[in-house]
Amino acid sequence: METIALHTRLVPGRESDYDRIHAVIPAPLDTALREAGVRSWRIWRSGREIFHLVECEDYAAMRAHLREHPANVPWQELMGELLEVHDDYSGRDTGVPLVWHLPQETAE
């Protein structure tokens, strides 16, 4: 299982559109994400900054599965209108690198 952090930025003035559109994810997209191995996808927004935390079996395989998926292509076109940088599904994305985490055990 992989946990991937992502960061995107909205076009100015599109914050409420982003929230409204994400209020209900289309059922075919939900199914496609699950079929691609996504176990959890959480999104936080602070102003125009969007932060995602994705838990999936294999991030690269998930992206490859969704690249041309008929449920994802129109969704990405819609998101492309809202985001400063469009997701090209090139396969080069590895997420935001982890800098630090709180260890499960305390150091002694």
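Quick note: the coordinates plus some simple rules give every number you see, no bench work behind them. Everything quoted here is computed from the prediction, not taken from an experiment. A quick note on method: Cβ atoms are made from the backbone with ideal geometry, for glycine too, and the neighbour counts reach across all protein chains shown.
Taking GluC sites (Glu not before Pro) across segment 22-73, the ones in a DSSP loop with at most 11 further Cβ atoms lying within 10 angstrom of their Cβ are E68. Each of V96, A71, A36 was placed along the dipole of the chain (beta-carbon charges, centred on the mean Cα), and the one lying farthest toward the positive end is A71.
Per Stokes-Einstein, at 4 °C and 1.567 mPa s, what whole-number D in µm² s⁻¹ belongs to segment 40-102, with the Kirkwood radius over Cα pairs as the hydrodynamic radius?
It comes out at roughly 97 µm²/s.
Taking Cβ atoms as reference points and 13 Å as the exclusive limit, the residues near V38 contribute a net charge of -2, counting Lys and Arg as +1 and Asp and Glu as -1. Starting from the Cα gyration tensor of the chain, take the square roots of the eigenvalues, sort them a ≥ b ≥ c, and report rounded, prolate or oblate (rounded when a/c is under 1.5, otherwise prolate if a/b is larger than b/c, else oblate). Note, shape of the chain comes out oblate.
Show me 92-102, 12-22 ranked by packing, highest mean number of other Cβ atoms within 10 Å first.
Values: 92-102: 8.5, 12-22: 12.7.
In decreasing order of mean packing, 92-102, 12-22 become 12-22, 92-102.
Counting Lys and Arg as +1 and Asp and Glu as -1 over every other residue whose Cβ lies under 14 Å from the Cβ of D19, the net charge comes to +1. Overall form of segment 1-50: oblate. Here a/c, set by the Cα gyration tensor axes a ≥ b ≥ c, is 1.5 or more, and a/b is not larger than b/c.
Net charge in the neighbourhood of W75 (other residues with Cβ under 15 Å of its Cβ; Lys, Arg +1, Asp, Glu -1) is -4.
Using Cβ point charges alone (K and R +1, D and E -1), the dipole size of the chain about the Cα centre works out to roughly 220 debye.
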